[in-house]
């Protein structure tokens, strides 16, 4: 009987388990550089983490930042729009205008683009929340569609649906 491969390609459950785990925060030192790791709950999924390389001044955001695109928020895996916004805010705290920001997808970024991304998320959350309160089930993303946010994997229809499902309860 053949077993199903795990995420790391192995067939053995024990071999697929992580070697290092953490709850909220973890500091590692590699080549003398402190790397802060921060667990982010309920953002892209329920298992996201930010990594900040203190000496290099680099932030790796994983799935919690999609440069110039709508994000993928996996509601079935514990993600939510409010958690996603909180993750972006947390990622902005330790960085400055010289920080290199590495999104989970797309090209290298910087603080101003990350702040613009946060503004888009907060703006859509506000507009969609208002639409939900007004009893509407369809909302619009026209402003950000014009900036090509909806041309990636997550198009306008998908992001509207995700925000709606995340906020309606």
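The values are calculated or read from the model by the stated rules, or taken from the named source; none is laboratory data. None of the values given here were measured: they were computed from a predicted structure. Neighbour counts run over all protein chains shown; Cβ positions are idealised from the backbone, glycine included.
Tabulated values for the structure
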read-out	value
Condition check for residue 168: over 19 Å from the mean Cα position of the chain (by Cα) and either buried (at least 16 other Cβ atoms within 10 Å of the Cβ) or touching a residue at least 12 places away in the same chain (Cβ under 8 Å) (or both)	yes
Criterion: surrounded by 14 or more Cβ atoms within 10 Å (Cβ to Cβ) and either touching a strand residue (DSSP E or B) at 6+ places or on another chain (Cβ under 6 Å) or not in a loop (DSSP other than H, G, I, E, B) (or both) - qualifying residue of 114, 123	114
The lone exception for residue 53 - which of (1) modelled with pLDDT of 95 or more; (2) more than 21 Å from residue 117 (Cβ to Cβ) it fails	(2)
Only listed residue being surrounded by fewer than 16 Cβ atoms within 10 Å (Cβ to Cβ), within 30 Å of residue 20 (Cα to Cα) and free of Cβ contacts under 8 Å to residues at least 24 places away in the same chain, chosen from 89, 55	55
Residue 76 being assigned to a helix (DSSP H, G or I) and out of contact with any strand residue (DSSP E or B) (no Cβ under 7 Å at 6 or more places or on another chain)	yes
Qualifying residue in the range 58-67 (condition: at pLDDT 95 or above and either assigned to a loop (DSSP other than H, G, I, E, B) or surrounded by fewer than 19 Cβ atoms within 10 Å (Cβ to Cβ) (or both))	yes
Residue in the range 128-140 that is surrounded by 12 or more Cβ atoms within 10 Å (Cβ to Cβ) and within 14 Å of residue 66 (Cβ to Cβ) present	no
Within the range 25-48, tally of residues that are part of a loop (DSSP other than H, G, I, E, B), closer than 25 Å to residue 72 by Cβ and free of Cβ contacts under 8 Å to residues at least 40 places away in the same chain	3
Some residue of the range 101-108 being surrounded by fewer than 17 Cβ atoms within 10 Å (Cβ to Cβ), under 10 Å from the mean Cα position of the chain (by Cα) and in contact (Cβ under 8 Å) with a residue 60 or more places away in the chain	yes
